[in-house]
Amino acid sequence: MRKIAVLNQKGGVGKTTTVVNVAAAMAAHGFRVLVIDLDPQAHLTIHLGVDAEQPGCGAYQILSGQAGVHDAAVKVRSNLWILGAGIELVGAETELVNEVGREIILRQAIAQVENDFDYMIIDCPPSLGLLTLNALAASEEVIIPVQPHFLALQGFSRLLQTIALVNNRINPALHVTAILMCMFDARTSLSAEVRQDIEKFLTGSRNQNSPWAGAQIVPVHIRRNIKLAEAPSYGKSIFEYEPTCHGAADYLAVAEFVHTGKIEGTFDIQLDTASEPAAEATEAQPATDTPAPAAPADTVPAETPAPSETSPVAENSVVETAYSNTPASPDTQEGK
C-alpha cells in the first residue's frame, strides 16, 4: 500500500480538492483507496457526501482507540473508503497530549490493514500540530499543493523543516514526492515566477541528503475552474459532477503522474454511477393525465423577451469564449 499525505500548513491551497479527486480517479481506475480526513473542519468528509455531524465519523475513533480501521471506515464509492472527521476531532490533540507514543497512533492502526488497500491518502489539517504529525508518521510520501502566490511560499521552508524533523526522529521512510501547483493561471507572470522559484530550490537540493531531494513539480498544473469549487456542494468528485471540464482533465493527469511518475494520457477511469450520491431534488415531475386548462379565446400569448446583453446566459458565453481563446503554455494547455 502506498501511503501519501497531502500537506500544506496554509489553508485554501487545494489540499482537500486534490485528495478527493486524485482518490476518486484512483478508485475509478480500479485501485482500492482509503482516504483519511484529519482536518477538524471535515471538508473532505463533506466533499464525499458524508454527514460530518453524525457521531463516530472515523478518524477520531482511530486516534482514541475506540475502533479499528475496518470498523470505522465508511465505503462511499466503489473501491473508495473514508475515515471521516467530525467536531470531536477538535479535542483530539488535547486528549492525546499525555498519551505515550501519541505521534504514531495512526501508523499503528494503518499497519493492521496494510494489505487491504492499494492507496492511503490523508488530508492534513492546515497546521503543524499533533494531527499532522500522526499523518506524517503514518505516511511514506508527501504531496505539497502550492498556490502560486508570494505568501504561499513564506511557510514553505518551515513545512520542509517539519518534514525533515519527522524523517529524522519518527519516520525515516518519509519523503516529498511532488509539488502540485493549484489555481494556476498561465496568463500571469506571478504564477510562472513562483514555479521557477520552487524549481530552482528543488534543483539545488538534488545532491543533498534531504527528504525532498527527489521531489518533482507535477508537470500538469491545476487551472482555475469554477466547477472544482461547485462540486463539494453536491457531495461529488469532479469526475461525477462535470467530467468534461478542465479540472477533471487536470486531476486525471495528476492521478496518472502519482501512480506512474509520468503522464501519457492512458489513465482511464470507469465511474460507478450506482454509487454516486443521490441526485438533486430538482428532477422533472412525472406527467399526469389531467389536461391543461385551455387559454381564453381572446387571450394573446405574451412574447418572450429576448435576453438582454447583460443576462447570465450572455455573460457566461462571453466568459467561456474569452477563456477558451486565451493562449496557454504547453504544460498548461487547456483540454476539453
Condition met for ALA27 (crowded, with 24+ Cβ neighbours inside 10 Å and on the phi < 0 side of the Ramachandran plot) = yes
Restricting attention to region 145-166, does a residue exist that is part of a strand (DSSP E or B), in contact with a Leu (Cβ under 6 Å, 6 or more places away or on another chain) and closer than 19 Å to LYS3 by Cβ?
-> yes
Which residues, taken from region 4-36, are among the charged types (D, E, K, R) and farther than 19 Å from ALA109 by Cβ?
-> LYS10, LYS15
Examine region 144-152 for a residue that is within 24 Å of LEU80 (Cα to Cα), touching a helix residue (DSSP H, G or I) at 6+ places or on another chain (Cβ under 8 Å) and surrounded by 18 or more Cβ atoms within 10 Å (Cβ to Cβ), and state whether such a residue exists.
-> yes
Any chance region 191-207 includes a residue that's within 30 Å of ASN168 (Cα to Cα), part of a loop (DSSP other than H, G, I, E, B) and not charged (D, E, K, R)?
-> yes
Can you tell me which residue in region 257-268 is nearest to the chain's Cα centre (by Cα), limited to those that are in contact (Cβ under 8 Å) with a residue 24 or more places away in the chain and not in a loop (DSSP other than H, G, I, E, B)?
-> VAL258
Mind counting the residues in region 217-228 that are without any contact (Cβ under 8 Å) to a residue 40 or more places away in the chain, surrounded by 15 or more Cβ atoms within 10 Å (Cβ to Cβ) and either among the charged types (D, E, K, R) or outside any loop (DSSP other than H, G, I, E, B) (or both)?
-> 2
Considering only residues that are touching an Asp or Glu at 6+ places or on another chain (Cβ under 8 Å) and not β-branched (Val, Ile, Thr), look in region 1-21 and name the one that is farthest from ILE238 (Cα to Cα).
-> MET1
For region 229-247, what are the residues that are part of a helix (DSSP H, G or I) and either under 25 Å from LYS3 (Cβ atoms) or free of Cβ contacts under 8 Å to residues at least 24 places away in the same chain (or both)?
-> ALA229, GLU230, PRO232, SER233, ILE238, PHE239, TYR241
What number of residues within region 65-90 are of a type outside the set (Val, Ile, Thr), more than 19 Å from ILE105 (Cα to Cα) and in contact (Cβ under 8 Å) with a residue 12 or more places away in the chain?
-> 5
Inside region 158-196, can you point out the residues that are of a type in the set (D, E, K, R) and touching a helix residue (DSSP H, G or I) at 6+ places or on another chain (Cβ under 7 Å)?
-> ASP185
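Each value in this text was obtained by applying a stated rule to the coordinates, not by laboratory testing. Please read these numbers as outputs of a predicted model, since none were measured by experiment. All Cβ positions, even for glycine, are placed from backbone atoms using ideal geometry, and neighbour counts span all protein chains on display.
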